[in-house]
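Worksheet for the structure shown next.
FYI, it's all coordinate maths here, none of it is from the lab. All values reported here derive from a predicted model rather than from experimental measurement. Cβ coordinates were reconstructed from backbone atoms using ideal geometry, including for glycine residues, and neighbour counts include every protein chain displayed.
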Ligand code: FNR
């Protein structure tokens, strides 16, 4: 099964990158997981949407070909970072590659709230007409890695409780995709 990660941070030492790399490594036997290069995308411009640059075309193809999308994102100013919104905006126009695409969300933050506001905004965005993703229901599947500075070490998520919960949500996600 093929998955693509949309990573909302461009920072080299990003805690969310550490979480994304952990996901890629931990499930590599069952899942083929790639981390998309969102930093290589130009800012969305409607003038270019019918003839976008190659970076956009190949990114959208990567999303289209994936069985599922895992969004791993920090919270910026109580919402999602512009880099992630920009990627979703490209996906929402012309060939709308997120429509009905299974999506799950993960977020890490050094604060107590673990990106909860960003994820709430993200769910709104993912329900919009041009996106209409098939998002894993929040009820028991919100992966909010709070106090993440203590849970990430040497570029990997190491907190056992969080990893066990991640296993549960990932298996729910795979189940949803197969349905
Ligand atoms: C933040 N940070 C932050 N944290 C949070 O929990 N809620 C927020 O609204 C914000 N807002 C915010 C805005 C901007 C512009 C920055 C740079 C940071 C802190 C943020 O969670 C922290 O820097 C994380 O380490 C960012 O994620 P990465 O880059 O480590 O993955």
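Here are some notes:
- FRET efficiency for residue 127 and residue 64, using Cβ-Cβ distance with R0 set to 22 Å, rounded to 0.05: 0.65
- Helix-only [θ]222 nm of the chain, DSSP H runs n ≥ 4, -39500 (n - 2.57) each, per residue, nearest 500: -11500 deg cm²/dmol
- Cα gyration tensor shape of the range 77-179, rounded if a/c is under 1.5, else prolate or oblate by comparing a/b with b/c: oblate
- The value of relative contact order for the range 25-160, using C-alpha pairs under 8 Å at least six residues apart, is 23 percent.
- Between 0 and 90°, nearest 10: helix 15-26 axis offset from the chain longest Cα axis: 80
- Shape class of the range 16-74 from the alpha-carbon gyration tensor: prolate, with a/c at 1.5 or above and a/b greater than b/c.
- Potential lengthening between residue 1 and residue 175 on full extension [0.36 nm per residue; Cα-Cα distance subtracted]: 61.5 nm
- Degrees separating the helix 82-91 axis from the principal Cα axis of the chain, which is the longest one: 50
- Most mobile of 46, 119, 132 in a GNM of the chain (Cα contacts under 10 Å): 46
- On Cα atoms only, tilt of 54-65 relative to the major axis of the chain in degrees: 60
- Residue 25 paired with residue 167, simple spin-label distance in nm, labels 7 Å along Cα-to-beta-carbon: 1.7
- The range 117-179 and the range 10-71: distance between their alpha carbon centers, rounded to Å: 16
- Sites residue 120 and residue 140 - FRET efficiency at Förster radius 22 Å, r taken between beta-carbons, to 0.05: 0.85
- Three-way shape label, the range 1-145, alpha-carbon gyration tensor, a/c 1.5: rounded
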